[in-house]
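Each remark here refers to the structure printed beneath this line.
The values are calculated or read from the model by the stated rules, or taken from the named source; none is laboratory data. All values derive from a computational prediction rather than experimental measurement. Don't worry about glycine lacking a Cβ; one is built from the backbone with ideal geometry, like all the others, and counts go over all protein chains shown.
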Amino acid sequence: MQRSSGALAAAVLGALLLSGCGEPTSAPGASGPRWVLTVPIEAADRRGAQLSGVVRARHELPLAFQVGGRIDRRRIDAGQRVAAGDVLFELDPRDLAQAVEVARADLEAAEAEVATAAGETRRNRDLLEREFISAQAFERFELAEASARERAEAARARLEQATNALDYATLAARESGVVIDVLAEAGQVVAAGEPVARLALDGAREISVDLPEAVGEPASGRLLTGSDAGATLRLREIAGSADPVTRTWSARYALDDATAAPRLGSVVRVELDIDDTTPLLQVPIGAINERGLGPQVWRIVDGRAQPLPVTLVDIDTEHARILADLVPGDELIALGTHLLETGMPVRALDRDDRTP
């Protein structure tokens, strides 16, 4: 019995030694191409391009003081409605008031010089008439009076400027609207022309949309979200050049019904009427990949993964509609695109091997 147990142990040990001398066993597919799931591209339906937009006022004014100084009081808050003439901010008026007093004193001194010069002119005119002085000497008195009057006019203008500057220490709304942003606080020192608030004027409302290049310049569209869904949109203006980062064109769409506009700043969904000849394609969301270079999809070219830039028109919970140099039926990698590298060896799963 002991001999049979020893023989069994020797046999097991021999088998282990033999297995250790052999080549290591590799995991299936470890050195081969990565298996990927592909799907065919589908033609998308011909509805308009669905994009996000922001509700904006037709006229948005940056508000600023015409003079610099320290803000003494802030009388408004973001979202507050104001009427024409309402006071929004006030500067500390002390320095400006002192400037008015200095200008007033300069004017009084200049007017005194005018009175003195005028008196000298009158006295010397009598002397000229009696031929006690020459005409040339009298001209000097006339020139001195004229110079004094010019200095007085300059002093009067400086006083008017100082008075206006004191009035500018109060910033009031020129038109009614809604304060959409407050950019300064009491105690802050601001320069002349530095914005302290932004005011959305009452009146027309618009939808600001960033248009991808491939969508073109849709002239019309409609709202899709909110209680005002279905309201008609009309292109009013579009930027002359693309944003250097996003490569999109900023466009403004006016609402034909001004009463249909949602609240300012609301993010809305719009559908824009694009050209019927534009080839729209539909792919699964997993096929879209973004790596800081814009949206792209991945194809298998000669057994390797290759990215292809696309234009993302819109997206829902399952699919994305794109514009690309592809045709319906072309195969794309559908999942795991974030793991792919350009030129990586890949192999598509056979249709029969896919889990239903």
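Mind listing whichever residues of region 288-311 are surrounded by fewer than 13 Cβ atoms within 10 Å (Cβ to Cβ) and either at pLDDT below 85 or over 14 Å from Ile322 (Cα atoms) (or both)?
Residues satisfying the conditions are Glu290, Arg291, Gly292, Leu293, Val301, Asp302, Gly303.
Given the options Arg73, Arg34, Arg125, name the one that is out of contact with any strand residue (DSSP E or B) (no Cβ under 9 Å at 6 or more places or on another chain), farther than 30 Å from Arg236 by Cβ and of a type in the set (D, E, K, R).
Values: Arg73 fails: out of contact with any strand residue (DSSP E or B) (no Cβ under 9 Å at 6 or more places or on another chain); Arg34 fails: out of contact with any strand residue (DSSP E or B) (no Cβ under 9 Å at 6 or more places or on another chain).
Step by step, each of Arg73, Arg34, Arg125 is checked, and only Arg125 is out of contact with any strand residue (DSSP E or B) (no Cβ under 9 Å at 6 or more places or on another chain), farther than 30 Å from Arg236 by Cβ and of a type in the set (D, E, K, R).
Quick test for you: out of Ala172, Ala191, Ala135, Ala99, pick the one residue that is surrounded by fewer than 13 Cβ atoms within 10 Å (Cβ to Cβ) and in contact (Cβ under 8 Å) with a residue 60 or more places away in the chain.
Details: Ala172 fails: surrounded by fewer than 13 Cβ atoms within 10 Å (Cβ to Cβ); Ala135 fails: in contact (Cβ under 8 Å) with a residue 60 or more places away in the chain; Ala99 fails: surrounded by fewer than 13 Cβ atoms within 10 Å (Cβ to Cβ).
Step by step, each of Ala172, Ala191, Ala135, Ala99 is checked, and only Ala191 is surrounded by fewer than 13 Cβ atoms within 10 Å (Cβ to Cβ) and in contact (Cβ under 8 Å) with a residue 60 or more places away in the chain.
Assuming Leu127 fulfils every condition listed in (1) surrounded by 13 or more Cβ atoms within 10 Å (Cβ to Cβ); (2) outside any helix (DSSP H, G or I) apart from one, which condition is it?
Result: Leu127 passes all but (2).
Mind checking which residues of region 161-203 are touching a Leu at 6+ places or on another chain (Cβ under 7 Å) and among the β-branched types (Val, Ile, Thr)?
Correct list: Val178, Val179, Ile180, Val196.
Tell me, which residue of region 194-208 that is of a type in the set (A, V, I, L, M, F, W, C) and in contact with a Lys or Arg (Cβ under 8 Å, 6 or more places away or on another chain) is surrounded by the most Cβ atoms within 10 Å (Cβ to Cβ)?
Step one: of region 194-208, the residues of a type in the set (A, V, I, L, M, F, W, C) are 196-197, 199-201, 204, 207.
Those left that are additionally in contact with a Lys or Arg (Cβ under 8 Å, 6 or more places away or on another chain): 200-201, 204, 207.
Details: Ala200: 21, Leu201: 16, Ala204: 14, Ile207: 26.
For region 194-208, the residue satisfying everything is Ile207.
From (1) among the polar types (S, T, N, Q); (2) in contact with an Asp or Glu (Cβ under 8 Å, 6 or more places away or on another chain); (3) surrounded by fewer than 14 Cβ atoms within 10 Å (Cβ to Cβ), pick out the condition that doesn't hold for Ser250.
In the conditions (1) among the polar types (S, T, N, Q); (2) in contact with an Asp or Glu (Cβ under 8 Å, 6 or more places away or on another chain); (3) surrounded by fewer than 14 Cβ atoms within 10 Å (Cβ to Cβ), Ser250 misses (3) alone.
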